[in-house]
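Worksheet: one structure, shown below.
What follows draws every value from the coordinates through simple rules; no lab data is involved. Bear in mind that the values here come from a model prediction, so they are computed numbers and not experimental data. As a convention, Cβ positions derive from the backbone with ideal geometry for all residues, glycine included, and neighbour counts pool all protein chains shown.
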């Protein structure tokens, strides 16, 4: 198509250009894309990358914010050495590891069991699915508070329930206050809250198994037990592994619920490493030390998660 | 076509940026605009005396025209919240009623305004205040005339007991038969333990009751504020009185270990079930619900307890922290009021302090439920009769002792929380081991602070 330009139009062109240079020249798609992405990148840099770099820098210093009048000293690897040779920190890491292993194992067992039940599509299964999912929709702070009340030895219904089945007087034991019980208490509450999450992931796995495989198995007269071991479990393993990964990472950094339930007590029995970190950073104000501890924890989780993801991929490929 | 779409996008993007800039600019200018309204923000803990202060502050607004805004935070997060605010040089608080142990850090870090010149100018004399409160709440370094706060809320640990239970003839005779003496408010910790054992598990009015309520809280300062009441009286000292920061043999002396053992015995024998992580509020709940015969708590709560319809009035009695075999002290509580150095309204904040220091205002403060530290109020002849707990309060303020007030107090406190809770509640190790570890922890903290710590 040929366009004929009138001389008057030519004369008006510079004026139009100057009045709407923005619109006339326009922005390329790439520029527009950058314009929209730039705030997010700026935010990410400001609230993630910059603090991370700053934290790495601080981990090599003696900074203590409650004594910021003291000169800032470069201490090299002293903070890391302090942490890695501190028996208390190792004890907290062991407590955390025990909590992660026990709670994730229980959640997988309970979550997978629930998923198997819900997958049967019995009457009202949607209703029960919603009911089972309720705990994971609550805030950990709320969960921590109301379980504290439920576990109260004198008025809490939990102790009365135990008493009903065992005959042990309700006020004779404290779920959150006894060294032998407190670690199991946090595992129990965490399982109550997050087993539904594992159930959801497993349910997705179970529903992705094509029916014809089971039909073929039935033709071959495979028993339900055989079908479970040869079809259901192997085909849901990648989903289970995914659930384990998510829950393990979450539980490694668990803070709020445990802090509300036991404050890390009795003594330091349930003091997870995240509570130690919070106390070092925001109660003792040992900024240099806590930065080093945060880096150690980050590297631990990142390293373990990477190894695990590689294993997960290998399982998927099989 | 493509060009015109791009143009429209450009227009929207430009509009969005303009809107964002507009919001940012208006947010930036609204700060100073608010400041013109003459308003002061006072930060403190959320508890009974804070309500009394709100009531008292209405007079200040009436006189000065300055509106008072309050930021009250529950005790369990009070230190976290406000030390974070001070550390980050925030402008939330113009005035702060900060805990006594903060004074060292606040002075060294210049979080508070030094008040010496202001006191001189306004003729406010620290000699007019109870000496323990001046040392505890205002001075840094301790026992030097450098003032960073005006004593605002005098407080100490005291005890309440069920006067009505103690007065019952059948209980009195049972006690006398068992211990060979009259049942009365205990004067020593041995007596307190006897009384607590006597009441533990006893049925009163068809309800099982327990002997004593003591602090065991793990997260903030609870168990330390409780155990020190026993430790001091058994011979525990923070350092060698003749050699600063020498803790070996003072913090972990055999007497101190005996004191710690006693606290654990008291916790095991005579407290209600489940009191493994309990502080002020749990104590109030236990006492108000008629669960315990005796309660350790801060004097600040006693006006409220005395007014309680179920356990107050004639049913409640008060006594001073009992003596131990070696000494007679009680844990100092309370706070001073300071002007925050980063405040934009320092002059108005100083006006508030000048107003608050007046004897008439202090008198009203006491009447409303606060605890004045002004001698003109507490040394007045009618003061002991002004409240049933006033004589015990006066006696307690004469024997108070405070925790470290060093800039590193938070580390020192959390170390003690851990060691004591580990031993008393979690049954870990012996008392001597707990105190030895505490000396080790504290030595490390002071070394980091650049202090020379002598081991012998």
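R0 = 22 Å: FRET efficiency of residue B:398 with residue B:144, Cβ-based, nearest 0.05?
Details: r = 22 Å, r/R0 = 0.99.
According to the calculation, E is roughly 0.50.
Return the average number of partner chain Cβ atoms within 10 angstrom of each residue Cβ along peptide A:278-289. Can you show the working numbers first?
Values: counts 1, 7, 2, 0, 5, 11, 8, 8, 5, 1, 1, 1.
Mean inter-chain Cβ contacts per residue within 10 Å come to 4.
Taking only C-alpha pairs under 8 Å that are 6+ residues apart, what is the relative contact order of chain B in percent?
Result for chain B is 24 percent.
Over segment A:80-317, what relative contact order in percent results from Cα pairs under 8 Å that are six or more residues apart?
Computed value for segment A:80-317: 29 percent relative contact order.
Per residue of A:170-180, what is the mean number of Cβ atoms on other protein chains within 10 angstrom of that residue's Cβ?
4
Taking the simple approach of a point 7 Å from Cα along Cα-to-Cβ for both residue B:447 and residue A:149, what is their distance in nm?
Each label point is offset 7 Å from its Cα along the Cβ direction, giving 4.8 nm.
Give the distance, in whole Å, between the Cα centre of segment B:199-277 and the Cα centre of segment A:191-218.
That distance is 54 Å.
With label points built 7 Å along Cα→Cβ from the Cα atoms of residue B:72 and residue B:91, find their separation and express it in nm.
Between residue B:72 and residue B:91, the simple spin-label model gives 2.7 nm.
Among A:150-161, B:269-280, how do they line up by average Cβ neighbours within 10 Å per residue, starting with the highest?
Numbers: A:150-161: 17.7, B:269-280: 21.8.
Those peptides, ordered most packed to least, come out B:269-280, A:150-161.
Compute the FRET efficiency between residue A:139 and residue B:64 as 1/(1 + (r/R0)^6), taking r as their Cβ-Cβ distance and R0 = 60 Å, and round to the nearest 0.05.
0.90
So how do B:165, B:366, B:159 line up by other beta-carbon neighbours within 10 Å, fewest first?
Starting with the residue having the fewest Cβ neighbours, the order is B:165, B:366, B:159.
Let me check against my output: what whole-number percent is the relative contact order of segment A:111-212, with C-alpha pairs under 8 Å and at least 6 apart?
41
So for each of A:120-127, A:65-72 I average, over its residues, the number of other beta carbons within 10 Å; can you give me the resulting order with the highest mean first?
A:65-72, A:120-127
How many Cβ atoms of partner chains, on average, are near each residue of B:219-228 if near means within 10 Å of its Cβ?
If you average over the peptide's residues, the count of other-chain Cβ atoms is 1.
Order the peptides A:234-244, A:35-45 from the highest to the lowest mean number of other Cβ atoms within 10 Å of their residues. It would help to have the intermediate numbers written out before the result.
Numbers: A:234-244: 18.7, A:35-45: 11.2.
The most tightly packed comes first, giving A:234-244, A:35-45.
Can you give me the distance in nm between label points at residue A:46 and residue B:178, each placed 7 Å from the Cα along the Cα-to-Cβ direction?
In this crude spin-label approximation the distance works out to 6.7 nm.
In chain B, what % of DSSP beta bridges are antiparallel (nearest 5)?
Antiparallel: roughly 60 percent of the beta bridges in chain B.
Mean residue ellipticity at 222 nm from the helices of chain A, using -39,500 (n - 2.57) per DSSP H segment of n ≥ 4 over the full residue count, to the nearest 500 deg cm²/dmol?
So the helix-based figure for chain A works out to -22500 deg cm²/dmol.
Looking at the protein assembly as shown, what % of its DSSP beta bridges pair antiparallel, to the nearest 5?
65
Just rank B:95, A:203, fewest to most, by other beta-carbon atoms within 10 angstrom.
Exposure proxy ranking, most exposed first: A:203, B:95.
In deg cm²/dmol, rounded to 500, what helix-only [θ] at 222 nm does chain B give when every DSSP H run of at least 4 residues adds -39500 (n - 2.57) and the total is split over its residues? Intermediate values should be presented prior to the final figure.
Details: 19 runs with 220 residues, N = 456.
That calculation yields -15000 deg cm²/dmol at 222 nm.
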